[in-house]
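Read-outs throughout are calculated quantities, based only on the coordinates presented, and are distinct from any laboratory measurement. Everything numeric here is computed off the predicted structure, so don't read it as measured data. No Cβ is skipped: glycine too gets one built from the backbone with ideal geometry, and neighbour counts run over all protein chains shown.
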Amino acid sequence: MEKYILIIGACGQIGTELTMTLRKKYGNDHVIASDIREGNETLMNSGPFEILDATDSNALEEIIAYYEISEIYLMAAMLSATAEKFPMRAWNLNMNSLFNVLNLGKEKKVDKIFWPSSIAVFGPNTPKEATPQNTIMEPSTVYGISKQSGERWCEYYFKNFDVDVRSIRYPGLISWKTMPGGGTTDYAVEIYHKALEEGTYNCFLKKDTVLPMMYMDDAIKATLQIMEADAEDIKVRSSYNLAAMSFKPEDIAQNIQQHIPDFTITYEPDFRQAIADSWPSSIDDSDARADWGWKADFDLDKTTATMLSNLKKNKAEAE
Ligand code: AKB
């Protein structure tokens, strides 16, 4: 039987690159992109697209039936910084969209589901260094509470209704194709844009705030890898820890200065500092490595070189 995949939240930072990678792998017509708004030209012109509010279960069911979808990637979510401003909207979007998709799995209308969790599931009482897979989880943010609850529901639907749902706790993600929106780790993308455009960046986190991060290619690789793994190898049905690198704003600034010696950085911490302070500095991802062979390719040097050369190329083409 032919496989048809639905990406919900296809126009966001992860969704855009995930959609293009899956279209390359399975064929453009086999990957249906959907979002509440239209995305960039490449995404819109490369395959089917549907406007979809992820909280609208009837509209979702119609799309599932029309395209004979067997696999869903639910990428729509309100991230940490925005969620603090709109707690009820964040809870509504993050939880109801997940229930809509899990219920399709329960009713056997789809075979497999991917749902992203985050390092935000951890909180101030979690061990900060090499945070283990199973540890104290007392998230202190709206976003973290929704992700922690989501993880519990994923495991519940797997155990009680045999729903094949798979998940990763993404760290901060760095990419040059689509901007992130509303996260606490967004500084690690903005800094590259500002370095090239203005030669300076005013960081909203303190210079020594270490957070776990990952280049987008690694995040996409992990997502495809966990979805392609044999079901019996997926031993964690809440969500897997995943790691690539950890750094502080000062490290990334120094790294950029190796390419742009005159680059300067200033620090003006805002409400996002408290969110960052509640998260781990580094993550132990040994379960993902052991269970489905995870290994990151990008460190900070490689990330910076790739980000700057691609953004430079984009800038030159636009001028
Ligand atoms: C955010 O900063 O909210 C996200 C995340 C770590 O999940 N990038």
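Tabulated data
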{"item": "Förster-model FRET efficiency, 45 Å R0, residue 57 and residue 128, C-beta, rounded to 0.05", "result": "0.70"}
{"item": "Exposure proxy ranking, count of Cβ atoms within 10 Å, fewest first, for 272, 89", "result": "89, 272"}
{"item": "Extension gain from residue 297 to residue 225, taking 0.36 nm per residue of separation minus the Cα-Cα distance", "result": "24.5 nm"}
{"item": "Gain upon complete extension [residue 289, residue 3; 0.36 nm per residue less C-alpha separation]", "result": "100.2 nm"}
{"item": "Spatially proximal lysines relative to residue 312 (Cα-Cα < 26 Å; intrachain offsets below 8 disregarded)", "result": "24, 177, 194, 207, 221, 248, 302"}
{"item": "Dipole magnitude of the stretch 170-247 about its Cα centre (Cβ charges: Lys, Arg +1; Asp, Glu -1), debye to nearest 20", "result": "240 debye"}
{"item": "Sequence-distant residues sharing a close amide H with residue 202 (under 5 Å, placed H)", "result": "266"}
{"item": "Neighbour net charge for residue 20 - beta-carbon separation under 13 angstrom, K R +1, D E -1", "result": "+1"}
{"item": "Spatial separation of Cα centroids for the stretch 173-192 and the stretch 1-66, in angstrom", "result": "22 Å"}
{"item": "Gain in span if fully extended, residue 190 to residue 317, counting 0.36 nm per residue against the direct Cα distance", "result": "43.8 nm"}
{"item": "Shape category assigned to the stretch 133-179 from the gyration tensor of Cα positions, a/c cut at 1.5", "result": "oblate"}
{"item": "Estimated vicinal HN-Hα couplings, Hz - the stretch 249-261 in sequence order (Karplus 6.51, -1.76, 1.60; Gly, Pro = x)", "result": "x, 4, 5, 5, 4, 5, 5, 5, 5, 5, 9, 10, x"}
{"item": "Computed over the stretch 185-319: relative contact order in percent, which uses C-alpha pairs under 8 Å that are six or more apart", "result": "39 percent"}
{"item": "Residues listed by number, the stretch 44-59, amide nitrogen under 16 Å from residue 149 label point at 7 Å toward C-beta", "result": "55"}
{"item": "Exposure proxy ranking, count of Cβ atoms within 10 Å, fewest first, for 271, 158", "result": "271, 158"}
{"item": "Candidates 125, 96, 134: whichever shows maximal mean-square fluctuation once the chain is modelled as a Gaussian network with Cα springs under 10 Å", "result": "134"}
{"item": "Check: the chain dipole with +1 on Lys, Arg Cβ and -1 on Asp, Glu Cβ, in debye", "result": "280 debye"}
{"item": "23 Å Cα-Cα reach of residue 159 towards lysines, excluding residues that sit fewer than 8 places from it in its own chain", "result": "106, 108, 109, 112, 147, 235"}
{"item": "Leading residue at positive end of dipole, the chain (Cβ point charges), from 91, 124, 181", "result": "124"}
{"item": "Dipole of the stretch 5-170, positive end: most advanced residue of 168, 105, 39 [Cβ charges, Cα centre]", "result": "168"}
{"item": "Mean shadow area of the stretch 5-170 over all directions, Cα convex hull, nm²", "result": "9.9 nm²"}
{"item": "Inter-label distance, nm, simple model (7 Å from Cα along the C-beta direction), residue 251/residue 45", "result": "3.9 nm"}
{"item": "Computed label-point distance, nm, for sites residue 258 and residue 200 using a 7 Å Cα→Cβ extension", "result": "2.5 nm"}
